[in-house]
Amino acid sequence: MKDLQNKNKEHVHRASPLLVGNKNKLTANIIGATGLVGQQLILQLLKNEHFEKIRIFVRRDAEISHPKLEQHIVDLGDEKSWEKLLKGDVLFSTLGTTLKQTGSKEKQYEIDYTLNLKFATKAKENEIEHYVLVSSIGANPKSKIFYTRMKGELDNAVAQIGFEKLTILRPASLTGERSKKRMIETVSIPIIVFLTKFMLKKYRPISAALVAQAMIKAALSPHRERIIWEGEAVFELADEK
């Protein structure tokens, strides 16, 4: 964790001017496309003129059609079902689940850590230059909390892969319309929103749409160094202070 954190401190958390580079159009890959942030990411990328193709890897039909969209229904755990399809300029990962959905820490770790790392590793092998990952505020491999420890372990692992450009976003609680309501979020988010107006602003909840916006800004930025955007910095990256 030390190397990743120290590297991040060398840079000011400031959104860079948009730049596509030498290419006119980009091809994006997305895992976690049917989740809260993933859905927003698809919608925004489809409208973005800098991207000519959006390729998504899903377990089930995402039920969206567009000339720029290429959907692949695959077994995420079976690398052979998707490894040759993973190509382009950037891999966006919003892949993640909850302990309640999986039923065990082992199964959650398989999705949040193992599958993410498999895709990131293969993306690098397939010469994808940029990896944009949605992690979590407080991610730390030494954390005593399972979730933040798992996220910190993943952050460290992908940092070792050697992407030309790596962006890790660590937002606080996410807001937005989920297909399945989470009771704890329904109750806690309004309270957190109120409290973070006056204190602990780092933990201010952020909408899934703004996280997606920040991810795209990162992908189009000329910045080539690894960098972590955490808490309030994610708002700044999205140009929403």
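The values are calculated or read from the model by the stated rules, or taken from the named source; none is laboratory data. Note that the structure is predicted; figures quoted are calculated from it, not measured. Backbone-built Cβ (ideal geometry, glycine too); neighbour counts: all protein chains shown.
Within region 53-73, the set of residues being part of a loop (DSSP other than H, G, I, E, B), under 19 Å from the mean Cα position of the chain (by Cα) and more than 22 Å from Thr121 (Cβ to Cβ) comprises Ala62 only. Modelled with pLDDT of 95 or more, touching a His at 6+ places or on another chain (Cβ under 7 Å), in a loop (DSSP other than H, G, I, E, B) and hydrophobic (A, V, I, L, M, F, W, C): is that true of Leu76 in this structure? For Leu76, the condition - modelled with pLDDT of 95 or more, touching a His at 6+ places or on another chain (Cβ under 7 Å), in a loop (DSSP other than H, G, I, E, B) and hydrophobic (A, V, I, L, M, F, W, C) - is not met. The residues of region 146-176 that are in a strand (DSSP E or B), modelled with pLDDT of 95 or more and among the β-branched types (Val, Ile, Thr), listed by number, are Thr167, Ile168.
Quick check on Ser104: is it in contact with an Asp or Glu (Cβ under 6 Å, 6 or more places away or on another chain) and more than 20 Å from His130 (Cα to Cα)? Taking the combined requirement at face value, the residue does not satisfy it.
Of the candidates Ser179, Ser143, Ser188, the single residue that is over 19 Å from Lys100 (Cα atoms), among the polar types (S, T, N, Q) and either modelled with pLDDT under 95 or outside any helix (DSSP H, G or I) (or both) is Ser143.
Going by the conditions given, is Lys100 at pLDDT 95 or above, surrounded by fewer than 22 Cβ atoms within 10 Å (Cβ to Cβ) and either in a loop (DSSP other than H, G, I, E, B) or not polar (S, T, N, Q) (or both)? The answer is no for Lys100. Scanning region 111-135 for residues that are among the hydroxyl-bearing types (Ser, Thr, Tyr) and touching a residue at least 24 places away in the same chain (Cβ under 8 Å), we see that the one that is surrounded by the most Cβ atoms within 10 Å (Cβ to Cβ) is Tyr131. On the basis of being part of a loop (DSSP other than H, G, I, E, B), buried (at least 22 other Cβ atoms within 10 Å of the Cβ) and not polar (S, T, N, Q), does Gly138 make the cut? Criteria not met by Gly138. The one condition from (1) closer than 27 Å to Gly176 by Cα; (2) surrounded by fewer than 16 Cβ atoms within 10 Å (Cβ to Cβ) that Leu95 does not meet is (2).
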